[in-house]
1. From a point 7 Å beyond the Cα of A:E140 in the direction of its Cβ, which residues of region A:63-84 have a backbone N at a distance under 11 Å?
2. First select every other residue whose beta carbon is under 14 angstrom from the beta carbon of B:A123; then total the charges, Lys and Arg +1, Asp and Glu -1.
3. Karplus couplings for region A:24-29 from phi (6.51 cos²θ - 1.76 cosθ + 1.60, θ = phi - 60°), rounded to Hz, Gly and Pro as x?
4. Within a 10 angstrom radius of each residue's Cβ in B:133-142, how many Cβ atoms of other chains show up on average? Whole number is fine.
5. Shape call for the protein assembly as shown from the C-alpha gyration tensor, a ≥ b ≥ c root eigenvalues: rounded (a/c under 1.5), prolate (a/b greater than b/c) or oblate?
6. Rounded to the nearest 20 debye, what is the charge dipole size of region A:1-46 about its Cα centre when +1 sits on each Lys and Arg Cβ and -1 on each Asp and Glu Cβ?
7. Give me the angle, in degrees from 0 to 90, between the Cα long axis of helix B:77-94 and the longest principal axis of the Cα atoms of chain B, rounded to the nearest 10.
8. Taking the solvent-accessible surface of protein heavy atoms with a 1.4 Å probe, what is the per residue accessible area of region B:1-46 in Å²?
There are 2 protein chains.
Amino acid sequence: MAIDRKQLILEAAKKSFSLFGYKATTMDQVAKLANVGKGTIYTFFKSKEEILDEIVTSLIRDMKAEAENAIDPNSRFDENIHRVLIRFLEFRKSHQLTIKLFQEEREIGTKAVVDVIQRVEQAIIDYMKGIIQDAIDRGEIKECNPEITAFVMLETYVALIFDWEQHHPPLDKEEMSDLFKLYFFEGLLK
Amino acid sequence: MAIDRKQLILEAAKKSFSLFGYKATTMDQVAKLANVGKGTIYTFFKSKEEILDEIVTSLIRDMKAEAENAIDPNSRFDENIHRVLIRFLEFRKSHQLTIKLFQEEREIGTKAVVDVIQRVEQAIIDYMKGIIQDAIDRGEIKECNPEITAFVMLETYVALIFDWEQHHPPLDKEEMSDLFKLYFFEGLLK
DNA sequence: AAATGACCAAATGAACAAATTAGTCATTAC
DNA sequence: GTAATGACTAATTTGTTCATTTGGTCATTT
């Protein structure tokens with residue numbers, strides 16, 4: 001069986017995006033890394049951006065899979081959603097590709113990258129939305145707009161994990177979990 | 001009594017920063033606007049950045065004053081802190097200077113501006129910290145770290161007011177208040 | 001029929017010149 | 001004598017040019 005050229009190209013592109021970022025990766029480089037002629041790339045993808053799109057689509061699949069097995073059916077909703085969020089954000093923190101892409105989004109703002117990051121965030125929110133809706137349906141939590149709730153939870157976690165550390169000592173997972181429980185589930189009122 | 005040159009300079013600089021931003025404002029322009037020689041500026045300020053610092057210091061004073069009279073001693077803590085936050089963020093949204101500075105921080109990242117924005121945010125957090133500590137002392141809310149709580153509340157509001165609107169219809173004050181109460185005070189758990 | 005790389009127009013960026021700018025200080029005005 | 005000034009300077013920024021690089025095409029090869 002012949003080598004799967006499309007897969008070779010995707011892997012080469014992913015490696016190069018991870019190493020140098022989207023903008024700094026040239027199609028010649030991808031072709032060379034994949035050991036194919038440059039023209040070959042264009043029989044599988046109609047543009048550089050489409051390669052990124054496809055890589056991110058599978059990235060989102062991976063993230064969802066990770067999140068999936070963070071869920072313990074025997075645990076309460078608040079513990080599950082906490083673990084899911086932590087998984088998402090640790091994924092983002094530990095994979096070279098997401099590190100590079102988020103960095104490029106902040107520092108350069110390459111349009112294709114901005115678009116793709118937006119897609120990742122929306123995917124996370126959509127995933128959480130489902131979990132939240134389930135919890136509402138099962139009567140575990142109060143009625144609320146699942147999309148806004150997911151959005152606010154994600155923003156809070158991102159703030160605590162990425163922004164708080166800018167000027168303060170980082171919080172460990174234990175603390176995060178306690179804060180999350182206090183703010184979102186038990187409430188501050190006595 | 002002679003005209004207060006220092007005040008003239010501050011007002012000229014504030015007007016120009018508001019109109020064109022910090023970076024795009026030249027000292028020649030400030031001098032011309034203030035009707036003073038450029039050298040005069042340097043008898044009152046040691047640098048362009050010091051002018052910005054002084055303007056922002058009084059801006060923070062104004063914001064605090066605004067926040068102060070958003071507080072109603074007869075209202076509950078959660079209503080007060082909501083009103084305070086809304087005031088801060090409406091101030092930011094309605095004053096040309098803050099609009100320009102936040103925009104310049106995002107789009108150009110001028111160092112002096114980044115520093116000064118950080119100072120504004122820390123001032124808001126410090127102010128909220130005091131209110132939160134009071135509420136804890138009075139037994140109105142549970143024990144919690146006032147700085148982290150203030151930080152998370154501010155980030156949540158900024159997310160809901162500025163980021164949510166990027167891809168969704170904006171929330172009105174009523175909705176914000178309800179969300180805030182639900183997430184932070186009553187908690188989601190049934 | 002699939003793969004290729006020479007080729008092209010467009011985009012990028014290196015390099016240099018010109019213009020602008022923050023800050024100084026000798027001179028001026030009172 | 002002192003407070004105010006604006007011409008001056010060193011340094012940064014901006015505009016311009018042009019050679020190189022880039023994403024994408026397509027005639028040729030395998």
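1. So the set is A:71-84.
2. Charge balance in the 14 Å sphere: -2.
3. 7, 8, 9, 5, 4, 4
4. What the average comes to for B:133-142 is 2.
5. oblate
6. 100
7. 30
8. Dividing the accessible area of region B:1-46 by its residue count gives 63 Å².
The values are calculated or read from the model by the stated rules, or taken from the named source; none is laboratory data. Remember, it's a predicted structure, so these values are computed and weren't measured experimentally. Neighbour counts are summed over all protein chains in view; Cβ atoms, including those assigned to glycine, are modelled from backbone coordinates with ideal geometry. When the accessible area is computed, the model is the full protein with side chains, heavy atoms only, and any ligands, DNA or RNA have been set aside. Shrake-Rupley method; radii C 1.70, N 1.55, O 1.52, S 1.80 Å.
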